[in-house]
Amino acid sequence: MIEDFIKRIINLIQNKDYDNALIEIENFPNNKNPILLYYLAFIKNKLDRKEESLEILHTLIKNNPNFIEAYLLSSNINEDLKKYDVSKNILELLIEKNPNNWKANYNLGRLYQLHLKNKKKALKCYKKALESNQNNNDIWNAIGILQRDLNHYEDAIKIFTDITKKFPENYKNFIQLARMQLSTGLIDMAEESIMKAMELSKNNQKAMNLLGSCYLKQSRLDEAEDIFKKIINFNLKNSEEEISYRSLLITKVYKNDYDQTSLSEVINEYINKFGNLEKKNTKIKFKNNKKKKIGFVSADFRTHSINNVIHSLFINKDKKKFEFYCYYSNNFEDNVTNWYKKISDSWKNIYNLSDKKVSDLIISDNIDILIFIGGYTEKNRFLLANYRSAPKQVSLHPITSSNIKELDYWITDNNLNPPDMEEKVSEKLIRIKSLFNFSEPKDKFLPKIKESPMKKNNFISFSSFNNPAKISLESLNLWQKVLNNFKDSKLYLKYFNFLNNKKIQDRLLDFFEKKKINHKRIIFINEDNEEHFFECYNNIDIALDTFPYSGATTTYGAICMGVPVITLTGKNYISRQSASVLASVGLSEWIVKDKNKYIQTLEKLANLRIISKLRHNLREQIKNSHICSNTNFYKNFESSIGQIIKD
C-alpha cells in the first residue's frame, strides 16, 4: 500500500502539484515513514516553507543517520538560505562518512565555486566527484567551466573535447566546446563544433547566435547579419533573441560607415520588444544627498579596455563630494573586479535580476546620476535606461546613440562628436577635453624603440593589430590602395592568435590577390605573447587603422612604440575613436576626414624624416599629453557631472 502511495506522491511532485502532494501526505495514516518524511520536507521546501523543511530533516537525520538524500536536501536548503558554512559542514560530514559520495563532492564543489569563491577547491571537489561517477555530464561540464575560469585554457578545451566524445548526442556540449574554442582563437574548430550542435538541434538559437559570433570574428559580416536576422524573425522574444539584436547592431557598426537614421529601425524594434516590459517608474527628483551618489552600470568591471578610461575616476574621486555605486551586469569576476569591489562605496551584482528589479534597487539607493557604460554591447544593460531609475541618466562610451528618451546625456568629446557633425543623437551631448585616458607608457614595461625599419628595408612596413572583426571590406579597399601606391610595401597583421585561423587568412589573401597584390606582401604574425606583441612594432613603420570601426586601445599601443597610426573618420562616433586618441597626443595630421585624401595624406607623411622623428620623440610626447593625466581627466569628468546636475 505505502509503495503505491509513494508512487502517487512522486507523480504529483513530477507534475509540480506540490499543494495536493502536501495534503495527501499530511492525511496519510502512516506519515511518519522516513521516505514520506523526506518527501514532506522536499515539498515544503518547494512551497518556500524552508524552516519547516529543515526541522523535519533534522529529526529524520537524527533517527536515520544513514539517510544520505536527507543530508543532501538539508545542505541545499541551507545554501538557499545563504547559510553557506552550515551547508558546507553537512557535505563535509557526508564525505567523511564516504569519500566517494559523488553527489556530496559535486555539491561541495558548486558551493565553493558559487558562494565561497574558492575555484581551486571547487575544482578539486569536482574532480573527486568525477572519480566516482564518470558518466555524469554535469560534473564534466563543471570541471571544464572552472578550468576556463582559472585560465587553464588547454585543460578546458581538452575537457570539453572529451565531453563531446563521451556524450556525442548532447548538443549543449558542442556549444560549450565552441565557446571555449572561439574565446581562444580556434575559430575553424569552433565553427565545426557549432555545426555539429546544429545538426543535433536544428534552429537552436544558442548555436545560431554562436555561429553568428563566429562569422563576426572572421569579419564575415554579411553571413553574421543573416544569422542574427533569422533568429530575430523567429520572434520568440527570449534572451537569445535579445542577444541577436545586440549582435546585429554590432555587426552593422563593423560593416558600414552608417548614420544614426539607418540604425534607428533596428534599435527601436529592439526597445519596443525588450525595453521596459513593466510599468515605467514615475519621475524622480534629486534627494539632496549630502554627497552626490553616482551609479555606474556596466558588464565590464573586469579585464577590459574600458578600464583604461574609468579606473582613474575611482582613483581620483573626491570623497567629500561623491559616492560611487557599481552595478555589475556580468557573472564573470577577476582581479580587476575585486579591485572595483574594494574601491567603490557600494557594489551590487545585477546579472540575474530583471530590469525592473534592478531599477527598484537603484531607486532604493537614492542615486543622483546613473551612468550606463558600453551601450548595447555584450552583457551591458542599456535597456535598463528605459526605466527612470535616477533623476539624470547618462551614456558613456557606447557604440551609438541609444534612441532611449529616458537617457538624458552622453559624455563625449569634440573629436568623437564634433560640434559640426551631421549625426543625429537622442541624448544631449556633454563634451569634455578628451574621453580617453590611459596609463603613462613606462620605459621599464615596454621594449626599447628601435630605428624605423624603412631605413634599412627601402620599403614601408604597414600594420594592423586590430580585432579581425573590424577588418571590413571598406578597410580592405583602403589598404589595397595603400599597398598599390607604395612600392614593395608590406602589411603585417596580428591579433593575439586569432589570425592563425586559416579561413581568415585565406579570405584576406584572396582579396589582395584579386587586387593584384602578391600574397608574400601580407604577413601574419602568429606568436601570441604580450611581450612579443609590443616588440612587433619595432618591425613596423606606420599602422593602418580599421574603418568604420576604428581602434582606441590598439592605436594607443602603437603610438607608445613610436608607430604613428593613420585613421579615416566617418559619419559616426565609433569611426572617430582613434581620431580622439591621436588629437590628444598632438598627431592631428594623421587624421583623415575625406576618403579621397587618404592616400595623398599618407604620401605626405610617410617619409623617413617624419617617421624617424616620431620614433624618437613620440613616447615622451605621450607622457606629457593630457591623455595620460588621470587628475585632469577626473577634473573634466567632475565638471561634466556638475554641468549635468545644474542643467
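The values are calculated or read from the model by the stated rules, or taken from the named source; none is laboratory data. Just so we're clear, the structure is a prediction, and the values are computed from it rather than from any experiment. Backbone-built Cβ (ideal geometry, glycine too); neighbour counts: all protein chains shown. Quick note on the areas: whole protein, heavy atoms, side chains included, nothing else; ligands and nucleic acids left out. Shrake-Rupley method; radii C 1.70, N 1.55, O 1.52, S 1.80 Å.
Points to keep in mind about this one:
- Qualifying lysines (Cα of each under 26 Å from Cα of K127; at least 8 residues distant if same chain): K82, K83, K88, K97, K103, K117, K119, K158, K165, K166, K172
- Alpha carbon Rg of the range 102-169, scaled by the compact-globule rule 2.2 N^0.38 Å: 1.03
- More than 20 Å apart - percent of Cα-Cα pairs taken over the range 199-354: 64 percent
- Using all pairs of distinct alpha-carbon atoms, the Kirkwood hydrodynamic radius of the range 330-458 works out to 17.8 angstrom.
- Cα gyration tensor shape of the range 488-647, rounded if a/c is under 1.5, else prolate or oblate by comparing a/b with b/c: prolate
- Here the peptides 128-135, 409-416, 578-585 are ranked by packing, the mean other Cβ count within 10 Å, and the order with the highest first is 578-585, 409-416, 128-135.
- Order by protection proxy (mean Cβ within 10 Å, highest first), peptides 548-560, 342-354, 375-387, 307-319: 548-560, 375-387, 307-319, 342-354
- For the range 240-322, applying the loop criterion from DSSP together with a ceiling of 16 other beta carbons within 10 Å to the GluC sites (Glu not before Pro) yields E278.
- Highest-first arrangement of 3-12, 207-216, where packing means the average Cβ count within 10 Å: 207-216, 3-12
- Solvent-accessible surface of the chain, taken per residue with a 1.4 Å probe and all protein chains present: 46 Å².
- Cα-Cα P(r), the range 1-132, percent of pairs per 10 Å interval: 13, 38, 31, 16, 2
- Using the rule -39500 (n - 2.57) for each DSSP H run of four or more residues, divided by the residues of the chain, the 222 nm mean residue ellipticity is -16000 deg cm²/dmol.
- Listed residue (A385, Y71, M198) projecting farthest to the positive dipole end of the chain, Cβ model: A385
- In the chain, a dipole from Cβ-located charges (positive for Lys and Arg, negative for Asp and Glu) runs towards its positive end, and of L361, N27, P398 it is P398 whose Cα lies farthest in that direction.
- With respect to the chain, whose longest principal axis is taken over its alpha-carbon atoms, helix 102-114 is tilted by about 40°.
- When +1 charges are put on Lys and Arg Cβ atoms and -1 charges on Asp and Glu Cβ atoms, the dipole computed for the range 133-201 relative to its Cα centre reaches about 120 debye.
- Computed across the chain, the Kirkwood radius stands at 27.8 Å (inverse of mean 1/r, all Cα pairs).
- Treating r as the C-beta distance of D318 and E265 and R0 as 41 Å, the FRET efficiency rounds to 0.45.
- For the chain, the longest principal axis of the Cα atoms and the long axis of helix 68-80 meet at an angle of about 50 degrees.
- The range 446-547: trypsin sites (Lys or Arg not before Pro) in DSSP coil with no more than 14 other Cβ atoms inside 10 Å: K448, K450, K487, K515, K516
- Angle in degrees between helix 355-364 and the longest Cα principal axis of the chain, rounded to the nearest 10: 90 degrees
- Of all accessible heavy-atom area on the chain, the percent that carbon and sulfur account for (1.4 Å): 48 percent
- For the pair Q14 and N133, label points projected 7 Å from Cα toward Cβ lie 1.9 nm apart.
- For the range 43-117, the alpha-carbon coordinates run over 27, 26, 17 Å along the three principal axes, in decreasing order.
- The count of lysine pairs in the range 586-647 that are at least 8 places apart or cross chains, and whose C-alpha atoms lie under 23 Å apart, stands at 6.
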